[in-house]
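Since the structure comes first, as structure tokens, the remarks are kept for the end.
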Amino acid sequence: MSTFYDEPVHLVRGEGVRLWDADGREYLDCYNNVPHVGHCHPRVVQAICEQAGTLNTHTRYLHEGILDYVEALTATFGPTFDTALMCCTGSEANDVALRMAQALTGKTGVIATDHTYHGNTTAVHQLSRSNPPPGGYWDNVGFVPAPDSYRPLGGEAGMAHARAFAAEVEKQISVLEEKGYGFSTLILCPFFANEGFPDLPEGWLDPTVEVVRRAGGVIIADEVQPGFGRLGSHFWGHEKIGFTPDIVTIGKPMANGHPVAAVIAPRDTMYEFRNNFRYFNTFGGNPVSCAAAMATLRVVQEDRLQDNAADVGAYAKAGLQELAGRHDCIGDVRGSGLFFGAEMVLDRATKEPATAFTKRVANGMRQRGVLLNFLGRHYNVLKMRPPMVFSRANVDQVIETLDAVLTETPLA
Ligand code: PMP
């Protein structure tokens with residue numbers, strides 16, 4: 001495994017937004033979205049313990065846990081999404097979603113962006129450009145340039161950029177059709193999280209959705225990162241950018257660290273898949289996983305954590321913008337809710353990415369007790385995506401620490 005930071009962190013305990021290492025040193029967690037409602041949230045821990053002490057089997061037996069959870073989960077979506085299939089990881093969910101899309105369309109061509117990550121199964125790994133698969137990419141996979149609001153395709157931001165992106169998708173659809181695979185699906189994260197979370201207005205995907213529908217394809221929204229209220233304004237990323245996908249996949253934060261994921265789809269799509277593939281997953285949807293997922297969802301809803309994400313996230317962005325007034329290395333501040341960050345550049349005029357500097361900054365933050373990381377097309381975007389219980393006081397600590405680290409870290 002490759003670990004984070006030049007000097008890896010050895011964690012032994014967590015609580016809320018705080019983590020402690022083996023030497024007793026405390027860290028502020030400004031990065032981990034998996035402990036969505038905070039590390040070791042007592043309600044989730046209790047739900048896991050109680051269910052583990054009562055029964056744990058699999059979905060070959062009837063159990064209320066999966067039914068109650070899927071009902072509660074699908075209630076957070078629009079009316080067409082009325083069924084879900086549970087698995088254990090985001091990779092599995094995307095793998096299933098690809099097969100669902102292929103069953104639905106009878107075609108096999110898949111399109112993704114050229115700077116994404118959708119997981120680690122053999123099929124899903126084909127969509128990852130950062131780690132090319134051994135033997136090269138399958139011929140039925142096409143890529144389109146990842147959206148970038150800071151350096152937009154064609155040079156123009158907003159809807160011109162949106163149309164340029166749609167045109168690239170259309171081009172790839174033609175390529176897949178000419179090769180004889182036909183076009184099955186466009187898979188994307190509606191927040192383009194791994195691409196560097198560009199700032200895209202509502203309606204930005206509309207031209208793309210039109211192109212996909214016209215070609216008879218489906219859209220898979222990979223909500224593994226932006227879902228469950230993180231973006232503040234909306235519960236799901238596809239709602240924020242304003243379109244209805246055909247299939248949604250979720251994972252990571254779903255059960256606060258317990259390995260749970262799901263594919264959400266309309267009933268007809270699910271039945272088509274079930275009839276073609278007879279899916280079974282030994283661990284997916286087991287009673288303990290469902291208890292953990294249900295407790296997590298209830299905490300998000302009852303503690304109004306989406307509202308907290310909106311408030312604290314806006315405060316964080318304002319703090320970063322203020323910092324940009326004093327540090328020229330910050331070229332752009334972006335984000336929504338508790339998913340925010342800053343793009344670092346060597347020169348604001350040329351927008352030359354400060355890739356090595358960004359890595360030094362992430363390491364400097366770690367040395368000062370704040371955990372964050374970096375990503376994006378040039379690996380120069382500081383990524384902050386803390387547990388949803390993050391407070392304004394926590395933001396103050398991040399901004400003060402970042403101010404100090406930016407001051408002491410040499411740019412070149
Ligand atoms: N989709 C996206 C957008 C992801 O970021 C990730 C993990 N980083 C995955 C899917 C894969 O999820 P998992 O690691 O649970 O398989």
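The values are calculated or read from the model by the stated rules, or taken from the named source; none is laboratory data. Worth saying up front: this structure is predicted, and the values here are computed from it rather than measured. Note that each Cβ is placed from the backbone with ideal geometry, even for glycine, and that neighbours are counted across all protein chains shown. The accessibility values were calculated without ligands, DNA or RNA, using every heavy atom of the protein model including side chains. Shrake-Rupley method; radii C 1.70, N 1.55, O 1.52, S 1.80 Å.
What the table below lists for this structure:
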quantity	calculated
From phi via Karplus (6.51, -1.76, 1.60), per-residue ³J(HN,Hα) for the stretch 347-363 in Hz, x at Gly/Pro	8, 5, 6, 8, 6, 5, x, 9, 5, 5, 4, 4, 5, 5, 5, 4, 5
Taking only Cα atoms of the stretch 24-176, radius of gyration then Dmax in Å	20.5, 59
Convex hull volume per residue for the stretch 231-271, taking Cα atoms only, in Å³	76
Cα coordinate range in the chain, projected on the principal axes (Å, largest first)	60, 56, 39
Exposure of Phe143 as accessible area (Å², to 10), given a probe of 1.4 Å and all protein chains	30
Heavy-atom accessible area per residue - the stretch 133-251, 1.4 Å, Å²	34
Gyration tensor over alpha-carbon atoms, the stretch 283-373, equivalent ellipsoid semi-axes in Å	35, 17, 12
For the stretch 1-96: accessible area per residue (Å², 1.4 Å)	55
The stretch 1-48-the stretch 143-207 distance, computed between alpha-carbon centres (Å)	35
Residues with amide H under 5 Å from that of Asp332, placed H, sequence gap 5 or more	Glu343
Fully extended contour minus Cα-Cα distance, from Thr54 to Glu178, at 0.36 nm per residue	39.1 nm
Computed label-point distance, nm, for sites Arg213 and Lys351 using a 7 Å Cα→Cβ extension	3.0
Under-26-angstrom lysine pairs by C-alpha in the chain, whenever the two are 8 or more apart or on separate chains	15
Accessible area of the chain belonging to carbon and sulfur atoms, whole % at 1.4 Å probe	51
In sequence order, calculated HN-Hα J values of the stretch 79-86 (Karplus, 6.51, -1.76, 1.60; Hz; x Gly/Pro)	x, 6, 8, 10, 9, 8, 10, 9
Average accessible area per residue (Å²) across the stretch 297-368 - probe 1.4 Å, nucleic acids and ligands excluded	41
